[in-house]
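Everything below concerns the one structure shown next.
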Amino acid sequence: MTEIFTGSFTQQEPIPEEAIEAAVEVMRHGRLHRYNVLGDEAGEVTLLEEEFAAQMEAPYALAVASGGYALATALRAVGVKPGDRVLTNAFTLAPVPGSIAAVGAVPVYVGVNETLTLDLEDLERQLSVDGHPRVLMLSHMRGHLCDMDRLMAICDASDVAVIEDCAHTMGARWNGVLSGRHGVVGCYSCQTYKHVNSGEGGLLVTSDPEIAARAIMLSGSYMLYSRHRAAPGPEVFERIKYETPNISGRMDNVRAAILRPQLRDLEQQVQRWNARYRQVEEGLRDTPGLTVVERPEKEAYVGSSIQFLLLDWREEAVREVLRRCAARGVELKWFGTPEPVAFTSRYDSWRYAETPRLPQSDRILAGIVDMRVPLTFSLADCAQIARIIRAEVGAVFQEG
């Protein structure tokens, strides 16, 4: 009998009751705006920032309207100006190059390798020429961390500031250091499909007091920056407050109330994701024609999605795998498609600036197949999904 999976790849777990109650309390008192507080009341956003800073082992944190807004704010805060070139991954999603274009800068793509991380040899080549870009927006795409020790050594030697896009790595670590804490700024998303869910929302952390002050002013603090707790002292704001524009993108107290209990449960949720990830991974091992993406020992990942490679397959054969799996209820995304589809995109999907072809990266992108691993799936669900993928990949591969 042919197995059919009947679960949903887009269904999230319910918001925790504690978070619902906290959000309802905010709605009851009506003070949704982060600066609309009584007396010395902190407010949900301020408390969220304080707690997130401690959780991410950072002195400063800021809550904003989205992960993409956090990225653009980080770029402005580190001094990126219109016309500047900014390095970023060839394997990423639209908000990353979108944030670079949003500040008037130009994305310059660095290749991807078979570990689905930044090609550090390509990065070194691009930094070996005079006049190279001075900022790298590093996307930890789909939760894969490159060798962060080596990357930081390369960037430090070339005086390149690193902004980390941690939309898929909140709670992950490289060599014991939390994702987002290697570069000058770490940016996180709280959009529904990320590791905490407020529908939309973003967070950023930094250890640099001037970057933190600029980000707070940029987010729309007006001159209310003293109400931030996870922030530098007033003397830092005095240096930058007249020259930093207000580009309002604040988080509100309802979303902050929803997020605070979820962040307290993050470590437990990571363990649950990883159990499901490993169940799928083990089920896919040794499938003819399929390459499992091995995780380095130094990487403590968050397995909220899984990727595998169908390297050097014909386009028609990859599409046949996707079709067969979909017919059996398994929803896969393919990064080889020449046109952007829904959330699936690639470096040549965006034409903000002239972009040369990246043949080695094109080969990798043409083989990347991606799947969400929602916490609504049981371990038995994950085992069944792996059996279906294994069967259909094997059948198409055997057909040649």
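Where does each of Asp312, Asp119 land when they are ordered by accessible area, with a 1.4 Å probe and the largest first?
On the way: Asp312 110, Asp119 20 Å².
Putting Asp312, Asp119 in descending order of accessible area: Asp312, Asp119.
Can you figure out the FRET efficiency of Gln398 with Asp84, using R₀ = 41 Å and their beta-carbon distance, to the nearest 0.05? Show your work: numbers first, answer last.
Values: r = 51 Å, r/R0 = 1.24.
In this case the efficiency is close to 0.20.
What does the charge count near Tyr69 come to, summing +1 for each Lys or Arg and -1 for each Asp or Glu among other residues with Cβ under 10 Å from its Cβ?
Numbers: positive: Arg250; negative: Glu200.
Cβ neighbours under 10 Å give a net charge of 0.
How much net charge surrounds Ala391 when only the other residues with a Cβ under 11 Å from the Cβ of Ala391 are counted, with Lys and Arg +1 and Asp and Glu -1? Write out the running numbers ahead of the final one.
Numbers: positive: Arg324, Arg328, Arg387, Arg390; negative: Glu3, Glu392.
Summing Lys/Arg as +1 and Asp/Glu as -1 gives +2.
Students often forget the sequence filter, so: which aspartates and glutamates lie under 18 Å Cα-Cα from Lys333 once same-chain residues fewer than 8 apart are removed?
Glu114, Glu281, Asp312, Glu315, Glu316, Glu320, Asp348, Asp362, Asp370, Glu392
So what's Rg/Rh here for the range 269-312, counting alpha carbon atoms and using the Kirkwood radius for Rh?
Values: Rg = 11.1 Å, Rh = 11.3 Å.
Rg/Rh for the range 269-312 comes to 0.99.
Between the range 244-291 and the range 304-354, what is the separation of their alpha carbon centroids in Å?
For the range 244-291 versus the range 304-354, the Cα centre distance is 21 Å.
Amide H neighbours of Val110 under 5 Å, at least 5 residues apart or on other chains, H built in the peptide plane: list them.
Residues meeting the amide H criterion: Thr88, Asn89, Ala90.
Leaving out ligands, DNA and RNA, and with a 1.4 Å probe, what % of the accessible surface on the chain is carbon or sulfur? Mind dumping the intermediate values first?
Values: 8430 of 16650 Å².
Roughly 51 percent, rounded to a whole number.
Computed on alpha carbon atoms, what radius of gyration and Dmax characterise the chain, expressed in Å?
21.5, 72
Using a 1.4 Å probe, what is the accessible area per residue for the chain, in Å²? List each step's numbers first, then the result.
On the way: 16650 Å² over 400 residues.
The answer is 42 Å² per residue.
So if I place +1 on the C-beta of Lys and Arg and -1 on the C-beta of Asp and Glu, and nothing else carries charge, what would the dipole magnitude of the range 104-252 be about its Cα centre? I want it in debye, nearest 20.
On the way: 13 positive and 19 negative charges, 140 e Å.
That gives the range 104-252 a dipole magnitude of about 680 debye.
Put a dot 7 Å past each Cα toward the Cβ at Val293 and Glu21; how far apart are the dots in nm?
The answer from the label model is 4.0 nm.
In deg cm²/dmol, rounded to 500, what helix-only [θ] at 222 nm does the chain give when every DSSP H run of at least 4 residues adds -39500 (n - 2.57) and the total is split over its residues? Intermediate values should be presented prior to the final figure.
Details: 13 runs with 150 residues, N = 400.
My calculation for the chain gives -11500 deg cm²/dmol from helical runs alone.
So which lysines pass the test for Lys241, namely a Cα distance under 23 Å, with those fewer than 8 places away in the same chain ruled out?
Once the sequence-local lysines are set aside, what remains near Lys241 is Lys81.
So how do Arg295, Arg323 rank on accessible area, 1.4 Å probe, biggest first, that is with the largest at the start? The partial results should precede the final answer.
Numbers: Arg295 40, Arg323 135 Å².
The ranking, largest first, comes out as Arg323, Arg295.
Sort the following peptides by mean Cβ neighbour count (other Cβ atoms within 10 Å, averaged over residues), highest first: 179-185, 360-366, 15-21, 336-342. Could you put the intermediate results ahead of the total?
Values: 179-185: 23.4, 360-366: 19.0, 15-21: 14.6, 336-342: 12.6.
Ranking the peptides 179-185, 360-366, 15-21, 336-342 by packing returns 179-185, 360-366, 15-21, 336-342.
Near Phe9, within a Cβ-to-Cβ distance under 10 Å, what is the net charge of the other residues, with Lys and Arg +1 and Asp and Glu -1? Before the final figure, lay out the partial values.
Numbers: positive: Lys333, Arg372; negative: Glu331.
Net charge around Phe9: +1.
When the convex hull of the C-alpha atoms of the range 360-400 is computed, what volume per residue in Å³ does it have?
Cα-based convex hull of the range 360-400, divided per residue, equals 76 Å³.
Separation of the range 34-84 and the range 109-138 by C-alpha centroid, Å?
28 Å
Helix 379-399 sits at what angle to the longest principal axis of the chain, using alpha carbons and giving 0 to 90 degrees rounded to 10?
For helix 379-399, the angle is close to 50 degrees.
If you line up the long axis of helix 67-77 against the longest principal axis of the chain, both from Cα atoms, how many degrees apart are they, to the nearest 10?
Around 50 degrees separate the two axes.
Kindly report, to the nearest 10 Å², the accessible surface of Arg255 as traced by a 1.4 Å probe over protein heavy atoms only.
50 Å²
Please identify the chymotrypsin sites (Phe, Trp or Tyr not before Pro) of the range 233-300 that satisfy two criteria: DSSP loop assignment and at most 11 other Cβ atoms within 10 Å. Which are they? It would help to have the intermediate numbers written out before the result.
Working: sites: Phe237, Tyr242, Trp273, Tyr277; in loops: Tyr242.
Loop-located and lightly packed - Tyr242.
Against the longest principal axis of the chain, how steep is helix 148-157, in degrees 0 to 90 to the nearest 10, with axes from Cα atoms?
Approximately 60 degrees, to the nearest 10.
The values are calculated or read from the model by the stated rules, or taken from the named source; none is laboratory data. This is a predicted model, so every value here is computed, not measured. With ideal geometry, Cβ positions are generated from the backbone for all residues, glycine too; neighbour counts draw on all protein chains shown. Quick note on the areas: whole protein, heavy atoms, side chains included, nothing else; ligands and nucleic acids left out. Shrake-Rupley method; radii C 1.70, N 1.55, O 1.52, S 1.80 Å.
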